[in-house]
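Notes follow the structure.
What follows draws every value from the coordinates through simple rules; no lab data is involved. Source: prediction; values computed, not measured. Cβ placement follows ideal geometry from the backbone for every residue including glycine, while neighbour counts extend to all protein chains displayed.
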Amino acid sequence: MNILKRSMTYTKEQGKQKIKELVERFRYNLDVYKKSTYNETQVRREFIDPFFDALDWDVSNKQGYAEQYKEVVHEDTIKVGRSTRAPDYSFRVGGQRKFFVEAKKPAVNIKEDVSPSYQLRRYAWSAKLPLSIVTDFEELSVFNCQIKPNPTDKPSIGRIAYYTFDEYLDKFDEIYSIFSKEAILKGSFDRYALSTKGKKGTAEVDREFLKEIESWRELLAKNIALRNPDVSIHELNYAVQKIIDRIIFLRICEDRGIEHYGQLQTRAEGDTVYTHLLNHFKLAESKYNSGIFDFDADKVTPSLHIDDKVLKTIIPDLYYPKSPYEFSVLGVEILGNVYEQFLGKVIRLTAGHQAKVETKPEVKKAGGVYYTPQYIVEYIVKNTVGKLVEGKTPEEIAAIKVLDPACGSGSFLIGAYSYLLRYHLDWYTSNQPKRHKEAVFQAKENEWYLTTAEKKRILLDNIFGVDIDPQAVEVTKMSLLLKVLEHESRESIDQQMKLGLEGVLPNLGGNIKCGNSLIGSGYYELQQGTLLDEEEMRRINVFNWVDDVKGFGKIMKHGGFDCVIGNPPYVRIQTLQDTQPEAVQYFKNRYKSGGKGNFDIYALFVERGYSLLNKTGLLGCILPHKFFQANFGEPLREIISNNKAIY
């Protein structure tokens, strides 16, 4: 890739001198700049851009970085409802967002006007950014964006620093120590942000959104159970999850500009809301053809009766100004964290056919659901997937198969897929991108993106997962599909429809499957002819890895997977003994790592994962260290040692 040399970087003293010049010019022409005719675009170009240049940010991308590595991303201010779709600036290091800046024209009173602060805080809170800025250059407000935004908030809520332009020089050291690029690289920004965390009123977006969708589950479950007396417990869990997934998917697409803004809200305004909503879902099926809206497979939700008041409670609260969420910046990683917790509960039916939401027994015994921190996901992916693809071409990478055998909400598969997307884009932009029109397209100078077709191809070629929980499988699919839709627009989707392409999104039924990674069809042989009821079969959920249709037979016949990653469940065998004694006996008979003491099933997942690898494959997972010394860990230590499996 040809990189243009940046023509100017600023030392701290040079930056201060530059800001001094800006302050003097602004003061001299203040009356002109305060007029309503002096607009936001002008103040950005003449003052805000050079202000952050002076803090040593490459605001105009003079280095010519590809889009995913730009230090500063400028967003077009597209009106969606009463708010803009994206913040004006996103400041990044290594492609990771650090803070947003929302720009206003100087005629706006930033200190007293409610709208700018609420708008910024919605963006930053939804993106889990602790600090962000609103400025018109005349004023600059810094906000702690860990406080849940409310449309009735005063503009001072969350504001932790406020400067006027004539204070910039006196307070330069303070500003520089937090928001300069040097401060980010040295960790000063993160330390300052950490000092604001946990203070009164702070609330993380994933926890709040979890409360939101848990309340939807309660409302939907109780109403569906009441109005549909023949619905079974499994149909009820399926239906509630499907409806929530579909609403979230389409609402995110609206804020990203892929769907027309407000369509869900419009469906909730009249009578027979669920009928209108179903019709909307069916239109989405014809567009996306992805499985989320597959009504050939879904025989449950079309026949349900749901009261209008339930949907009128849920849907309007997803829109500005009621909603604190800005779905355009709500990352799939955040969504995965929310769903991981969400899946820790299940709907039960009482004898009177009333719905109750309860924590799953295994989750209760484990003390809750534990989500893998993003930095651990990235580390494991980099040292497995990253090692496998290093130096390879897209054609060579197409043969690489990555598996998470206990994928949960999909955090590791999202991490692997994101890594592959970045790698492919880097490769194409470094190897005459104009020769790869089927894989990349150019939006602007130095702005290349993968085509939808290429993103779909990578996903279908490389990413595979299994989970015993059918709801987790659906969540993983949805998260991956939302990743495919990043950087898409309504225009790009419509263009694909006009070209007659079969579905904008891939169907992931062949990649993400539901089953018990640890228990194969041999389980039935152990039962010695015992007739298992439907509930028992559903709970055990055997998975045949070598089956060409239900498993991954083709991959296994070619030697196995190239990479197995994940965070397997940690469940002591004593816990399983109470609920699944037959499964425990199966584990002891079939797994070497289950042959000694009170083992934990994560040991079985390591053994299973290793057996699914081809001869040159890599296994990467996060585990408790107890098996290093505990008696039960001896067989697993032996497996690792004999196979020289640590590198």
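I need L343, L480 ordered by Cβ neighbour count within 10 Å, fewest first.
So the residues, fewest neighbours to most, are L343, L480.
Within the chain, what percent of beta bridges assigned by DSSP are antiparallel, to the nearest 5?
65
Using 0.36 nm per residue, how much length does the chain from S177 to Q577 gain when fully extended, once their Cα-Cα distance is taken away?
Extending this stretch completely gives an extra 138.4 nm.
Extending each Cα 7 Å along its Cβ direction at K588 and D31, get the distance between those two points in nm, one decimal.
The answer from the label model is 9.2 nm.
May I ask which residue of L485, H280, T575 lies farthest towards the positive end of the charge dipole of the chain, with charges of +1 (Lys, Arg) and -1 (Asp, Glu) on Cβ and the Cα centre as origin?
It is T575, whose Cα lies furthest towards the positive end.
Please arrange F632, F100 by counting, for each residue, the other beta carbons lying within 10 Å of its beta carbon, fewest first.
F632, F100
Find how many whole Å separate the alpha carbon centroid of segment 15-73 from the alpha carbon centroid of segment 274-334.
What the calculation gives is 41 Å, centre to centre.
Loop-only check: which GluC sites (Glu not before Pro) in segment 99-159 are DSSP coil with at most 13 other Cβ within 10 angstrom?
Here the GluC sites (Glu not before Pro) that fit, given the DSSP loop and packing criteria, are E112.
Going by C-beta contacts inside 10 Å, put D600, D548 in order with the fewest on the left.
D548, D600
Using DSSP to call loops (not H, G, I, E or B), can you name the chymotrypsin sites (Phe, Trp or Tyr not before Pro) in segment 282-338 whose Cβ has at most 12 other Cβ atoms within 10 angstrom?
In loop regions of segment 282-338 (DSSP not H, G, I, E or B), the sparsely surrounded chymotrypsin sites (Phe, Trp or Tyr not before Pro) are F295.
Test of understanding: what is the full-extension gain from S641 to E24, defined as 0.36 nm times their sequence separation minus their Cα-Cα distance?
215.2 nm
Given the alpha-carbon gyration tensor of the chain, what are the semi-axes of its equivalent ellipsoid in whole angstrom, ordered largest first, with each equal to the square root of 5 times an eigenvalue?
Semi-axis lengths for the chain are 45, 30, 24 Å.
Can you give me the relative contact order of the chain as a percent, contacts being Cα pairs under 8 Å and 6 or more apart?
With pairs under 8 Å counted, the relative contact order is 10 percent.
Taking the Cα-to-Cβ direction at N598 and at N631 and moving 7 Å from each Cα, how far apart do the two end points lie in nm?
Those two pseudo-labels are separated by 1.0 nm.
Using 0.36 nm times the number of residues separating K356 and E112, minus their current alpha carbon distance, what extension gain do you get?
83.2 nm
Given N residues in segment 103-220, what is Rg(Cα) / (2.2 N^0.38 Å)?
So the Cα radius of gyration is 1.17 times the expected 2.2 N^0.38 Å.
Counting helices only, and only those DSSP H runs with n ≥ 4, report the 222 nm mean residue ellipticity of the chain as the sum of -39,500 (n - 2.57) divided by its residues, in deg cm²/dmol to the nearest 500.
Helix contribution divided over all residues of the chain: -13000 deg cm²/dmol.
Give the residue list of GluC sites (Glu not before Pro) in segment 226-309 that are DSSP loop and have at most 16 other beta-carbon atoms within 10 angstrom.
E269
Go ahead and run the numbers for FRET between Q14 and S303, Cβ-Cβ distance against an R0 of 56 Å, rounding to 0.05.
Between Q14 and S303 the formula returns 0.20.
Please state the charge dipole magnitude for segment 519-647, taken about the Cα centre, from unit charges on C-beta atoms (+1 on K and R, -1 on D and E), reported in debye and rounded to the nearest 20.
Using only the charged Cβ atoms, the result is roughly 560 debye.
How high is the FRET efficiency from E438 to I376, r the C-beta distance, R0 30 Å, rounded to 0.05?
Once rounded, the FRET efficiency stands at 0.30.
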